[in-house]
Every structure is written in C-alpha cells, then in structure tokens.
Amino acid sequence: MSIRGAMAKTCACLGVAAVGCAGLVADEAQARTFSEIQARGLIELCANPDALPYASKSSEQPGFQIELARALAQGLGVQLQVDWIYIARRANQVNCDIVMDAFSDPEIHEGRLKLSIPYQKTGVALALAPGVPLVQSFDDLRPDQKIGVMVSSVASVVLGKKGLATTPYSFETDMIDDLLSGQIQAAAISPAKVAYYNHTHPDRQLGLAYAYDSEPELGWTVSVGMRKADKALVDAINPVLSGLLSDGTVDRIYAKYGVQHRTP
C-alpha cells in the first residue's frame, strides 16, 4: 500500500481532525448543488464539537475550522450551519456540504469529495518535552529517546524504519500529558495540537519543530472538501478562499489559536 493510501485509512491517527476524512466513506445522502445552497441561504459544515483548536461548540473559541468556514460562508453570501459529528461516516448521513482540512489529494477521496485550492501546509510535527534540547528533524533524535506516535499511523512506520523507539497512543492529548510528565521525550504529533497547547499554557511550553519539512511522507496540504459538489460550488469557493488568504484573514484566524499559517 502506498503512503498516501495508508493516510486515507489511518487519517484519524495522523494528527488531523477526523472529520476531514469524511469523503472516504460511502455516500448515503444526496449532496446539494451551489444553486440549491444559494436558494436555502446556508451552507452546512460537518465538524467535531470537542476538538480544539480545530472545532468546538464554544461560542468564545469555536476553533479555526469553524471560523474559516464562517468567513467562506460570508464570502459566498450565505449563512453557516454546523452539523456536529464525532464519526466521519456521519458526514454523509447528516448531508453536510463541506468539511475543512481535507487532504489535498483527489486520489485519496476517490471522487467522493471535490477539493478547493489548498490553504494550509501541515503534517506530522515533532514535539519535545520541556527541558529536552530542541532539534529540527526526527533524524536528530537519539535511539534511547522514547517517542510517542499515533497507533497504526504512517509516522509509526517511518520512525520505526529509522530505528527509533516508539510508543503507540490512541489520543494526542495523552501524548502531551506524557511529554509533560517525562514518560516520553518526544512525540510525532499534529503541529496545531502542540501550538494550541503552548498558546494556552505559556508557562510550560513544549518544543515544536516542523519535522515534516524534511520528511515528504509525513507532510501534506489541506483544502475545503465539498461532498459530491458540482463545479459551480468549487468555482464559487476558490476565489473567496483566495481572497481570505491574500488579505490575511486565514493568518489571523490561525493566530487566534497560536497556530502558524504555513502557505502551501
């Protein structure tokens, strides 16, 4: 299986919001065309209600996915409705129109999602426990250092081939807890999760390196995923998104959560 194929099957373990993989499951509801969205006056987004910094039901901190989707909806001249889901396959059952942070690779989605232009470069970052000297790549880690990885993830395979000592986890929050307690010295983790932790805990920072810059298999870009959309919706979203990128809106939204916007 290719690395990209493995990403499609283990996306929830790669440090990204699982809803961004919604296009990988079978369709159970008919998607709406852009003209239907305009007639309704709203566009529906699927998001996880408890996944900061990605998304949340909190009105004060809704997450960057929600704020980006609101800006898109405003640019389209419609309202945003959020359908809260925990499991990716529910995206089709509730019939949402879009998901955020979909992998910018049409082959992964096998025609189930149309994609916008990419708006963020991301991947598997390297987090380091407090007091551990900052390094920039996984190759700089020592074989005796314990490294947390998401179970069954591509990162676990890549780091295993490097001869590094990995410990599997089901949740990134558990990796952060063990970094802080010293049970592990490093973690292969989503940069957004670490950046948000540092943003909300200024007195106890974790080291953060964008290690995927030197590991092509562990880096990707993300797009707006449009579930079985027509071409008109793609053509409407792309110029709005381009405007949000060029006027600094995307930068500002990510910065509210301590996350660096990295241009694809």
Residue check: is LEU164 in contact with a Lys or Arg (Cβ under 9 Å, 6 or more places away or on another chain) and not hydroxyl-bearing (Ser, Thr, Tyr)? yes
Go through CYS46, CYS96 for me and flag whichever is in a loop (DSSP other than H, G, I, E, B), open to solvent by less than 50 Å² (accessible area, probe 1.4 Å), at pLDDT below 95 and touching a Lys or Arg at 6+ places or on another chain (Cβ under 8 Å). CYS96
All conditions in (1) at pLDDT 95 or above; (2) more than 16 Å from the chain's Cα centre (by Cα); (3) of a type in the set (A, V, I, L, M) are true of ALA188 except (2)
Is there any pair linking a residue in region 148-176 that is under 18 Å from LEU128 (Cα atoms) and among the aliphatic types (A, V, I, L, M) to one that is open to solvent by 30 Å² or more (accessible area, probe 1.4 Å) and in a loop (DSSP other than H, G, I, E, B), with Cβ under 9 Å and at least six apart or on different chains, and which? MET150/SER170; MET150/PHE171; LEU164/ARG142; LEU164/PRO143; ALA165/PRO143; ALA165/ASP144
In region 135-150, the residues that are open to solvent by 40 Å² or more (accessible area, probe 1.4 Å) and in a loop (DSSP other than H, G, I, E, B): GLN136, ARG142, PRO143, ASP144
Of the residues that make up region 117-124, is at least one touching a Lys or Arg at 6+ places or on another chain (Cβ under 8 Å) and β-branched (Val, Ile, Thr)? yes
Here is a check on your reading of the model: is ASP235 at pLDDT 95 or above, of a type in the set (D, E, K, R) and under 24 Å from MET100 (Cα atoms)? yes
Please give the number of the condition GLU110 fails out of (1) closer than 26 Å to GLU44 by Cβ; (2) surrounded by 24 or more Cβ atoms within 10 Å (Cβ to Cβ). (2)
Restricting attention to region 115-134, and to residues there that are part of a loop (DSSP other than H, G, I, E, B) and aliphatic (A, V, I, L, M), which single residue is farthest from the chain's Cα centre (by Cα)? VAL132
Candidate set from region 32-43 (those that are open to solvent by less than 40 Å² (accessible area, probe 1.4 Å) and not in a loop (DSSP other than H, G, I, E, B)); member that is farthest from ASP235 (Cα to Cα): LEU42
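Any residue in region 70-89 that is under 18 Å from GLU217 (Cβ atoms) and either open to solvent by less than 60 Å² (accessible area, probe 1.4 Å) or part of a loop (DSSP other than H, G, I, E, B) (or both)?
no
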If you scan region 49-67, which residues turn out to be open to solvent by 40 Å² or more (accessible area, probe 1.4 Å), of a type outside the set (Ser, Thr, Tyr) and out of contact with any helix residue (DSSP H, G or I) (no Cβ under 7 Å at 6 or more places or on another chain)? ASP50, LYS57, GLU60, GLN61
Any residue in region 204-232 that's among the polar types (S, T, N, Q): show its pairings with residues that are buried (at least 22 other Cβ atoms within 10 Å of the Cβ) and part of a strand (DSSP E or B) at Cβ separation under 7 Å, as long as the two are six or more apart or on different chains. THR221/GLN120; SER223/ALA102; SER223/LEU115
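The values are calculated or read from the model by the stated rules, or taken from the named source; none is laboratory data. Fair warning: this is a prediction, and the values are worked out from it, not measured in the lab. Note that we place each Cβ from the backbone using ideal geometry, even for glycine, and neighbour counts take in every protein chain shown. The area values use the complete protein model at the heavy-atom level, side chains included, leaving out ligands, DNA and RNA. Shrake-Rupley method; radii C 1.70, N 1.55, O 1.52, S 1.80 Å.
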